[in-house]
1. Taking amide H atoms as placed 1.01 Å from N in the peptide plane, list the residues 5 or more away in sequence, or in a different chain, whose amide H sits under 5 Å from that of GLU35.
2. Once you have the Cα-Cα distance between ALA78 and GLN13, take 0.36 nm times their residue separation minus that, and quote the gain in nm to one decimal.
3. Summarise the long-distance tail of P(r) for the chain by giving the % of C-alpha pairs beyond 20 Å.
4. What does the extension gain come out to for ALA2 and ASN43, with contour length at 0.36 nm per residue minus their alpha carbon separation?
5. Could you tally the net charge around MET1, taking each other residue with its Cβ under 12 Å from the Cβ of MET1, Lys/Arg +1 and Asp/Glu -1?
6. If one takes the longest principal axis of the Cα atoms in the chain, at what angle in degrees, from 0 to 90 and to the nearest 10, does the Cα axis of helix 15-34 lie?
7. How far is helix 42-54 tilted off the main Cα axis of the chain, in degrees rounded to 10, range 0 to 90?
Amino acid sequence: MALTYEESAALMQDSVFRGRVKVSCLKFAGSILDESPSVPAHNTRYRWAQQCEQQPDLVAGQIQPPTVMDPAVQADGAAISDGALQGSVETVINKLI
């Protein structure tokens, strides 16, 4: 069952969940920084990863709301597994960059 609007809004402000999103962002940033320059849109991805490494709290704050709206997060809420959250965060970031 999907989160209610109230539950979604609360999760968008939840500091513990934001910390998990930040870790997911940093993990993805690390993989982008190590990827081949031949990957499509590498320059844009690389700039995003650098910003994430330099300002992880800012980036997590930007990524958290759309991540909450991801179907996997809507289904499991804060109880989402780390692996599933990683997939949700990466999906959101790939849509944004």
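Quick note: the coordinates plus some simple rules give every number you see, no bench work behind them. Source: prediction; values computed, not measured. Note that we place each Cβ from the backbone using ideal geometry, even for glycine, and neighbour counts take in every protein chain shown.
1. none
2. 22.2 nm
3. 33 percent
4. 11.2 nm
5. Combined, the nearby Lys, Arg, Asp and Glu give -2.
6. Compared with the principal axis, the helix lies near 20 degrees.
7. 60 degrees
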